[in-house]
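Q: First the structure, then my questions, so here it is.
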Amino acid sequence: MHLGKVTPILRIFDEAKALEFYVDFLGFKVDWQHRFEANFPLYLQVSLGECVLHLSEHHGDASPGSAVRIQATEVDAYQQQLLAKDYRYAKPGVEETPWGSREMSISDPFGNRLVFVEEGEG
């Protein structure tokens with residue numbers, strides 16, 4: 001058996017807040033968006049590098065408050081880029097873990113937690 005890549009689905013409730021956080025703050029780009037018709041929930045894909053996330057306003061797609069661990073490099077530099085944007089709702093820090101990784105945890109406006117993980121050399 002072979003398993004392929006995983007694409008997490010995160011629940012969102014407000015398109016403008018989602019775009020402000022994921023695109024304007026984190027630097028993701030919108031790859032595509034879908035609605036069945038006007039005034040229906042939004043489903044979209046955002047990406048940054050090889051990281052791909054699906055964001056959904058659909059009730060049954062996901063539970064708010066999920067957590068996603070994202071493998072990353074240069075977490076400290078990314079943190080500095082984010083702090084320079086002076087986003088009023090998040091001032092992320094980087095933590096050195098006992099197992100040797102560096103992690104930056106940021107919650108989106110909907111309670112989902114993104115943890116950017118730079119593995120240690122151990």
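The values are calculated or read from the model by the stated rules, or taken from the named source; none is laboratory data. Values in this document were obtained by computation on a predicted structure and should not be read as measured data. Note that each Cβ is placed from the backbone with ideal geometry, even for glycine, and that neighbours are counted across all protein chains shown.
Q: Within the stretch 51-67, is even one residue modelled with pLDDT of 95 or more, of a type in the set (D, E, K, R) and in contact with a Pro (Cβ under 6 Å, 6 or more places away or on another chain)?
A: yes
Q: Could you please find all residues in the stretch 81-95 being in contact with a strand residue (DSSP E or B) (Cβ under 6 Å, 6 or more places away or on another chain) and either within 19 Å of Phe110 (Cα to Cα) or not hydrophobic (A, V, I, L, M, F, W, C) (or both)?
A: Within the stretch 81-95, Ala90, Pro92, Glu95 meet the criteria.
Q: Tell me, which strands (runs of 3 or more DSSP E) wholly within the stretch 1-104 include 3 or more residues that are under 16 Å from the mean Cα position of the chain (by Cα)? Reasoning before the result, please.
A: Working: elements: 9-11, 29-34, 43-48, 51-56, 67-71, 94-96.
Correct list: 9-11, 29-34, 43-48, 51-56, 67-71.
Q: Then there's this: Mind counting the residues in the stretch 105-116 that are touching a strand residue (DSSP E or B) at 6+ places or on another chain (Cβ under 9 Å) and part of a loop (DSSP other than H, G, I, E, B)?
A: Of the residues in the stretch 105-116, the ones touching a strand residue (DSSP E or B) at 6+ places or on another chain (Cβ under 9 Å) are 105-108, 110-116.
Adding the requirement that they be part of a loop (DSSP other than H, G, I, E, B) leaves 108, 110-112.
Number satisfying all stated conditions: 4.
Yes/no matrix, rows are residues, columns are (1) closer than 13 Å to Ile12 by Cβ; (2) in contact (Cβ under 8 Å) with a residue 12 or more places away in the chain; (3) not aromatic (Phe, Trp, Tyr):
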| position | (1), (2), (3) |
| --- | --- |
| Trp32 | no, yes, no |
| Asn39 | no, no, yes |
| Leu55 | yes, yes, yes |
| Ile70 | no, yes, yes |
| Thr73 | no, yes, yes |
| Gln79 | no, yes, yes |
| Lys91 | no, no, yes |
| Arg113 | no, yes, yes |
| Val117 | no, yes, yes |
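Q: Looking at the stretch 93-108 only, could you name the residues that are in contact (Cβ under 8 Å) with a residue 40 or more places away in the chain and either loosely packed, with under 11 Cβ neighbours inside 10 Å or more than 22 Å from Glu119 (Cβ to Cβ) (or both)?
A: Correct list: Asp108 only.
Q: Right, here's the next one. Can you pull out every residue in the stretch 44-98 that is within 20 Å of Trp32 (Cα to Cα) and hydroxyl-bearing (Ser, Thr, Tyr)?
A: Listed by number, the residues that qualify are Ser47, Ser56.
Q: For the stretch 23-51, how many residues are under 18 Å from Ile106 (Cβ atoms) and of a type in the set (A, V, I, L, M, F, W, C)?
A: The qualifying residues number 7.
Q: Looking only at residues that are of a type in the set (Val, Ile, Thr) and touching a Ser or Thr at 6+ places or on another chain (Cβ under 9 Å) in the stretch 96-122, which one is farthest from Ser66 (Cα to Cα)?
A: The first filter runs over the stretch 96-122 and keeps only residues of a type in the set (Val, Ile, Thr), leaving 97, 106, 115, 117.
Within this subset, residues satisfying the condition of being touching a Ser or Thr at 6+ places or on another chain (Cβ under 9 Å) are 115, 117.
On the way: Val115: 11, Val117: 16 Å.
My answer is Val117.
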